[in-house]
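Structure, as structure tokens:
The values are calculated or read from the model by the stated rules, or taken from the named source; none is laboratory data. What you are looking at is a predicted structure, and each value in this text was computed from that prediction instead of being measured. Please note: Cβ atoms are built from the backbone with ideal geometry, for glycine as well, and neighbour counts cover all protein chains shown. Remember, those area values only see protein heavy atoms, side chains included, never the ligands or the DNA or RNA. Shrake-Rupley method; radii C 1.70, N 1.55, O 1.52, S 1.80 Å.
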Amino acid sequence: MKDAVDVAFAVAVVLAALIASGHAVIYKRDSRSAAIWVLVVWMVPALGALAYAILGVNRVQRRAVRMRSRMVRLRSDAQFPPSEPGTHFMPLARLVGQVSDRRLLPGNAVDTLVDGANAFPAMLEAIDGARTSVAMASYIFDGDGVGEQFVRALAAATQRGVEVRVLIDDVDARFSSSTAVKPLRGAGVNAAVFNPPLVPARLHALNLRNHRKILVVDGATAFTGGMNVDCRYWKPEAPDQAFRDLHFRLRGPVVWQLMEIFADDWQFTTDEALRGPKWFPPPAAAGDILARAIEAGPDESIERVRWAILGGVNAAQRSVRVLTPYFIPEPSLISALDSAALRGVEVDIVIPQTSDLPHVHWAMYGQLWQVLDHGCRVWARPGAFDHSKLLVVDGAWTLIGSANWDARSLRLNFEVNVECYSVEFGAHMDGLAQARISQSREVTLAQINARPFPVKLRDGAARLFAPYL
């Protein structure tokens with residue numbers, strides 16, 4: 001009897017190993033990842049197959065596709081004539097058009113709002129002036145500090161008859177003691193929580209998060225960028241200690257695309273379809289910038305923001321400026337940056353000298369050598385944590401929005417970015433990046449190599465978790 005049980009167990013272990021290794025070989029896009037999992041499955045009998053079933057199978061994308069597959073998404077690009085930039089960026093525009101399934105729209109204006117001291121007053125002023133509608137999505141929305149001002153402004157807009165919708169991610173709503181969900185609902189504001197789980201939140205709270213930051217007022221003015229409604233960005237009593245970031249005010253037809261993205265998220269969350277002139281008034285030209293919104297998330301088969309970044313870096317002829325709080329790019333992005341530097345393009349990467357997430361900071365330093373070794377320059381900006389997200393290529397193509405240079409933004413979160421084709425706006429943003437470089441300390445390959453062995457070990461260990469950071 002015991003021999004029969006042993007044989008049955010051995011057969012089950014071999015079958016599990018065959019199934020797990022076969023799944024890895026077929027479905028893992030990275031051959032190195034597939035090879036490692038095959039080794040683990042066969043070198044650690046039973047436990048290896050179990051580990052692959054728990055950690056190796058990409059349930060994130062499948063769950064994201066399943067949870068949004070029945071939703072009819074709003075698209076209105078057909079009413080706008082197609083546009084293309086008349087520069088060497090034309091192939092890039094076509095690439096992004098293919099992966100984003102949205103048209104590049106002319107007639108837009110984009111204003112840069114540096115830090116909460118400039119962004120929050122502009123956003124509050126827009127809400128206070130709203131006549132028909134306010135749509136707002138934020139990954140983090142505090143109910144205290146500056147968040148209290150937003151709650152009051154949104155409540156006042158509701159009371160004067162403005163249609164107001166606020167969408168807050170479940171992680172903030174569930175785990176933050178200062179979340180604005182209850183204050184907003186208590187004030188009569190229609191506030192919803194994105195992707196509330198059917199099982200305890202801790203099982204998947206790190207994935208499928210709505211990291212988008214969108215505010216659309218009267219369907220005519222939009223705000224987007226990297227800034228949450230978070231008291232850490234707003235410290236009037238100690239401005240030098242406030243988090244730093246970039247946010248943007250947009251006017252013109254691209255506002256329709258941002259509103260469509262919000263409307264899709266709102267309909268997924270609440271089943272309410274936002275339609276009609278209150279939310280989508282006739283668009284009017286406001287400037288001369290060609291712009292396009294790029295929505296991305298694990299429910300898409302194409303990693304849209306990643307492709308936009310790859311296309312932009314590969315199109316560079318003179319300069320690439322990157323501002324990001326978390327620089328943990330995947331190999332294809334590292335290769336694109338290195339390739340640009342090797343062909344003579346100035347590649348500058350600005351990261352914060354201090355971070356709000358130490359383990360992410362360690363992982364960044366654990367792989368900086370990969371870009372420094374090929375001619376890219378890395379700069380650490382001192383002072384308070386800098387959460388800015390920006391990519392400027394040749395001073396003419398600019399990518400703004402919520403995505404970071406890490407796997408979480410490019411594979412696991414729902415993000416929104418906007419690409420802008422404009423020499424004037426691009427030169428302005430390139431100047432902003434260069435000003436930050438002038439304030440920063442250069443990080444050299446010699447400095448990275450001179451780190452003490454325990455620090456190298458710590459940073460290298462943190463880098464192993466890069467696919468999940």
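What to note about this one:
- A helix-only calculation puts the chain at -12500 deg cm²/dmol for mean residue ellipticity at 222 nm, using -39500 (n - 2.57) for each DSSP H run of at least four residues, averaged over all residues.
- Shape of the range 398-445, Cα gyration tensor, a/c cut at 1.5: oblate
- Model label sites at Ser339 and Glu424, defined 7 Å from Cα along the beta-carbon direction, differ in position by 3.4 nm.
- For the pair Thr270 and Gln159 in one chain, pulling the backbone fully straight at 0.36 nm per residue adds 37.8 nm over the alpha carbon distance.
- Ranking by accessible area, most exposed first, for Leu391, Leu39 with a 1.4 Å probe: Leu39, Leu391
- The trypsin sites (Lys or Arg not before Pro) of the range 135-177 that DSSP puts in a loop, and whose beta carbon has at most 16 other beta carbons within 10 Å, are Arg160.
- Fraction of beta bridges assigned by DSSP in the range 214-369 that are antiparallel (%, nearest 5): 65 percent
- Computed with a 1.4 Å probe on the full set of protein chains, the accessible area for Trp379 sits at about 40 Å².
- Degrees, to the nearest 10: 146-159 long Cα axis against longest axis of the chain: 60 degrees
- Prolate/oblate/rounded call for the range 274-415, Cα gyration tensor, a/c under 1.5 rounded: prolate
- Rolling a 1.4 Å probe across all protein chains gives Val44 an accessible area of roughly 60 Å².
- Remark on the chain: ratio of C-alpha radius of gyration to 2.2 N^0.38 Å is 1.02.
- Across Lys235/Lys456; Lys182/Lys235; Lys389/Lys456, pairs whose alpha-carbon gap is larger than 30 Å: Lys235/Lys456
- Bridge orientation summary for the chain: considering DSSP beta bridges with both residues in this region, about 65 percent are antiparallel.
- Using a probe of 1.4 Å on the protein chains alone, the accessible area found for Val7 is around 90 Å².
- Largest to smallest accessible area among Met43, Met364 [probe 1.4 Å]: Met43, Met364
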